[in-house]
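A.B. asks: This is the structure, below, for whatever I ask next.
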Amino acid sequence: MEDLFEDYFVCLKSEIERIKTDGVVFDTVYIGGGTPTAVPNHYITDLIKVIDNRTNDAEITVECNPGTVS
């Protein structure tokens, strides 16, 4: 499924940028479900950059499987 990572994250970032929040600022962000750390780090980093533009010093949590993280 690695060949789908790029397309998935491009679409995900596009959706985040497309959603109109009309001044809503997020205080917390949770990235999880399906162990997001299974993808290369740069995808998560790029996603957080897009999300961070819509936060006010938010707490950002990324779920991970301790058995796959070093």
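A.B. asks: Quickly run through segment 29-70 and pick out the residues that are among the polar types (S, T, N, Q) and either in a helix (DSSP H, G or I) or modelled with pLDDT of 90 or more (or both).
C.D. replies: Residues satisfying the conditions are T37, N41, T45, T61, T68.
A.B. asks: What are the residues in segment 49-66 that are out of contact with any helix residue (DSSP H, G or I) (no Cβ under 9 Å at 6 or more places or on another chain) and open to solvent by less than 70 Å² (accessible area, probe 1.4 Å), if any?
C.D. replies: Those that are out of contact with any helix residue (DSSP H, G or I) (no Cβ under 9 Å at 6 or more places or on another chain) and open to solvent by less than 70 Å² (accessible area, probe 1.4 Å): T55, T61.
A.B. asks: When you go through (1) part of a helix (DSSP H, G or I); (2) exposed (fewer than 10 other Cβ atoms within 10 Å of the Cβ) one by one for K13, which number turns out not to apply?
C.D. replies: Condition not satisfied by K13: (2).
A.B. asks: Residues that are surrounded by 12 or more Cβ atoms within 10 Å (Cβ to Cβ) and acidic (D, E): does segment 31-48 have at least one?
C.D. replies: Yes.
The values are calculated or read from the model by the stated rules, or taken from the named source; none is laboratory data. Predicted model only: the values in this text are computed from it and were never measured. Positions of Cβ are backbone-derived with ideal geometry, glycine not excepted, and every protein chain shown enters the neighbour counts. Just the protein is used for accessible areas: all its heavy atoms, side chains included, with ligands, DNA and RNA removed. Shrake-Rupley method; radii C 1.70, N 1.55, O 1.52, S 1.80 Å.
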